[in-house]
1. For the range 292-309, state whether one or more residues are within 13 Å of the ligand (Cβ to nearest atom), touching a residue at least 12 places away in the same chain (Cβ under 8 Å) and over 21 Å from Ala211 (Cα atoms).
2. Among the residues of the range 310-321, write down those that are basic (Lys, Arg) and free of Cβ contacts under 8 Å to residues at least 24 places away in the same chain.
3. Output the qualifying pairs, or none if there are none: Cβ atoms under 7 angstrom, residues six or more apart or on different chains, first residue in the range 212-228 and over 13 Å from His309 (Cα atoms) and assigned by TED's automatic domain parsing to the domain that holds Lys261, second residue more than 8 Å from the ligand (Cβ to nearest atom) and among the hydroxyl-bearing types (Ser, Thr, Tyr).
4. Which condition breaks for Ala184 when tested against (1) within 15 Å of the ligand (Cβ to nearest atom); (2) at pLDDT 95 or above?
5. I'm trying to understand the selection: among the residues of the range 310-320, which are more than 21 Å from Thr159 (Cβ to Cβ) and either among the hydrophobic types (A, V, I, L, M, F, W, C) or within 11 Å of the ligand (Cβ to nearest atom) (or both)?
6. Do we find a residue being surrounded by 18 or more Cβ atoms within 10 Å (Cβ to Cβ), under 30 Å from Ala145 (Cβ atoms) and more than 16 Å from the ligand (Cβ to nearest atom) anywhere in the range 321-340?
7. Give just the number: which of (1) among the hydroxyl-bearing types (Ser, Thr, Tyr); (2) in the same structural domain as Met163 (by TED's automatic domain parsing); (3) modelled with pLDDT under 95 does Ser128 not satisfy?
8. Could you list, in sequence order, all residues of the range 187-217 that are within 16 Å of Leu253 (Cα to Cα) and not charged (D, E, K, R)?
Amino acid sequence: MSAQMPGVQLARTVTSAAALGFVPVAIKFGLFDLLVEIEKPAHRKEVLMAYEKSVGSDRKSMPCLQLIDDALYAMAGLGFVDMTVDCVYSANDITRHLVHTPSAQHGALHFTTEALLAGAFLMRRLESGGYRYPFEELHTPLQFAYHEMGNDELAQQHTYDIMAAEGRIDSFNRFMVGKFMKTATAPERLARFEYHLDPVLQDAKSRRVIAMVDIGGGRGEMMLEFKQAFPDLSDKDLVVQEFNHEIREIPGLTLSTWNYKENDSEQPIQGAGVYHLAHILHNLPDLDAARLLQKLSQAMHPQSRLLIHEFTKNANNAKMHASMIALFGGRERSASEWRQLAALAGLRVTFEAYPEGGEGLVEMRKL
Ligand SMILES: C[S@@+](CC[C@H](N)C(=O)[O-])C[C@H]1O[C@@H](n2cnc3c(N)ncnc32)[C@H](O)[C@@H]1O
């Protein structure tokens, strides 16, 4: 490595911050889609002409040439498009991935909208509170950003409610279905970890209880994957619990409402075979995570399993960890942290898998 390289790398990383602010611009004007459609290196004018053609007579918010060029240049800096010679751009593998995986574009939007805003206010939030840490979920850098922007109403709300008020929930839900990429379905992942689900499902059947409940299960992607992998499971066996008003029905599954945050709101489904929490606990501070686990523990039968699907707390997921802190006061957790949380809820860890990449699996059962 040359003597300059660490400095080059450092500059490359920290100058990403403002460039990331152009991602919503690139998405708004469909620049990734346009470059893929054009199929050859294109000058900024060609991209603007292709955009004008795509919107036809609807010219309400037409970007100027400079904005198109600067957004494309910023995307080239991030590696999301290629820049061949001065101001000539073309699609690369990341551009094509963004276009062919719509959930990934919604994910890019989420992290460059809410998370970027929260990250920008993290230090000022710490200063304002005399470095009191960790953040509580209604006092994260995101609420502080709204406070500083003079929006006292949103400054009091949870990040999910802020997203709803800002019209961002539908996009967030779309991100959750498919996320940045799909490497394996949930049943495939469990099989890869050599986790045996069949006996648990058989037991639920013999006890005549609901087979699986997915708490905060979004649009039901994971339950639908289990339905496909285990054709014996019917709509009634698979329940998605949500509080998200944009999700009104999920064909092929049972949708029910449970707001796990409400005080005195018991888990309404008792003794189910499996309770799933996928990417729920990393949205929660420790105390709130412990409260949710306690509610589930109270509903669980000795044979019930709680399956937690979260990222491994390793260097690959450090940026996700930072994002969860800034947005929710949440965090990724290590094996010892899972044990501590389990113990607080009268549970014990009975299976765990922490892969380098992708989601891991932690099983808990009643003590
Ligand atoms: C990060 S998403 C995960 C979605 C899904 N489990 C997945 O992995 O694709 C978090 C989900 O939790 C839901 N959620 C957030 N707060 C909730 C609450 N208090 N009660 C029920 N669901 C909640 C959101 O609506 C959202 O769908």
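The values are calculated or read from the model by the stated rules, or taken from the named source; none is laboratory data. The shown structure was predicted, so the numbers you read here are calculated from the model rather than taken from an experiment. Don't worry about glycine lacking a Cβ; one is built from the backbone with ideal geometry, like all the others, and counts go over all protein chains shown.
1. The answer is no; no qualifying residue exists.
2. Lys319
3. Val213/Tyr275; Glu225/Thr185
4. The failed condition is (2).
5. Residue satisfying the conditions is Ala315 alone.
6. The answer is no, given that none of the residues of the range 321-340 is surrounded by 18 or more Cβ atoms within 10 Å (Cβ to Cβ), under 30 Å from Ala145 (Cβ atoms) and more than 16 Å from the ligand (Cβ to nearest atom).
7. (3)
8. Val209, Ile210, Ala211, Met212, Val213, Ile215, Gly216, Gly217
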